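Inspection log for the structure reproduced underneath, given as structure tokens.
The values are calculated or read from the model by the stated rules, or taken from the named source; none is laboratory data. What you are looking at is a predicted structure, and each value in this text was computed from that prediction instead of being measured. Don't worry about glycine lacking a Cβ; one is built from the backbone with ideal geometry, like all the others, and counts go over all protein chains shown.
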Amino acid sequence: MSALNDTKFQPAVFLLTGIPGQDDVHVWISIPFCLTYVTSILGNSFIPFIIKTDPSLREPMYIFLSMLAITDLGLSISTMPTILGIFWFNSREISHDVCFAQLFFIHSFTLTESSVLLFMAFDRFVAICNPLRYASILTPPRIAKMGLVSLLRGMVVIFPLPILLKQYRYCHANILSHSFCLHQEVMTMACSDIRVNIIYGFFITMSSVVLDFLLIIVSYVMILKTVLSNASHAARLKALNTCVSHICVVLLSYMPRIGLAVIYRFVKSSSPLLKNILGNVSWLIPPLMNPIVYSVKTKAIRARIIRVFIK
């Protein structure tokens, strides 16, 4: 009888949240979100375009930058429509299947972005620590394989999550803290045993995101060691300057997401507003800032953009 009742009263949809406590000003709040969306789409479309159309920007570093921009483009498209739907049309309901599909794309693109950032760190490591073999190590076929591996890794690793979530019954509160679906919150809505999701989610975090972040740190420690031991002061500044953009992007991408993961796993009494803000920062700010950072800090990209606008 209990099982029948659980099935009978199982919510057919999840309810997304805008900005908690700010429902009356959602239309005004939508303005910066809409500007963020448009800027992210334009910026992450423009970067691959100028790299593809300029023969001087065919170095591995710029190819990886194109991969990052395309990944950020997918991340923006995966998150922003439901956010703007809430602000403009108060469209809070999202069906289970659409929610599972959204979280699959969000987490897949997030993991793909992590792989690309790791490959970009490897690119800087080879360029600075082993420059004579740079062209022979990072060949176009190898770079293409690295891009394919990053995409497949994101899809294959994340694919079990929506499959597992689809098997559960949902009889708990169905109000999510964010304006888009995330695995770590959706699974808590289930009234089934979610230990598999908890363990597998922790495995993904440690073996993918945390491992990538640690490997990036190791690569920069080795870069710093090489630069400080072998280069003149001017050469040190030049070598480190090529890494500044990537370091900024890494911090923008990893810090908020690691903070949000810690809150979900270890801080049970955290406020929904804090989760909401961290979620928006984690998945909306990197696609917005990455093209801006690289456009400002990379001389070749900046010069190409200036030429385009002058023409």
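For this structure, a couple of remarks:
- All positions within segment 143-188 that are of a type in the set (D, E, K, R) and either out of contact with any helix residue (DSSP H, G or I) (no Cβ under 9 Å at 6 or more places or on another chain) or assigned to a loop (DSSP other than H, G, I, E, B) (or both): K145, R169
- Contacts under 6 angstrom Cβ, first residue in segment 46-73 being farther than 20 Å from S108 by Cα and in contact (Cβ under 8 Å) with a residue 12 or more places away in the chain, partner among the charged types (D, E, K, R) and part of a helix (DSSP H, G or I), 6 or more apart: I50/R304; D54/R304; P60/D123; M61/D123
- From the list F33, F105, the one residue that fits, being modelled with pLDDT under 95 and within 18 Å of the chain's Cα centre (by Cα), is F33.
- Of the candidates G259, G279, the single residue that is under 28 Å from F159 (Cα atoms), touching a residue at least 60 places away in the same chain (Cβ under 8 Å), assigned to a helix (DSSP H, G or I) and not hydroxyl-bearing (S, T, Y) is G279.
- Any hit, segment 218-236, residues being farther than 22 Å from R124 by Cβ, in contact (Cβ under 8 Å) with a residue 24 or more places away in the chain and surrounded by fewer than 17 Cβ atoms within 10 Å (Cβ to Cβ): no
- Filter pass, F89 being within 22 Å of the chain's Cα centre (by Cα), more than 28 Å from N241 (Cα to Cα), aromatic (F, W, Y) and surrounded by fewer than 22 Cβ atoms within 10 Å (Cβ to Cβ): no
- Enumeration of residues in segment 95-114 that are surrounded by fewer than 22 Cβ atoms within 10 Å (Cβ to Cβ) and either small (G, A, S) or outside any helix (DSSP H, G or I) (or both): S95, A101
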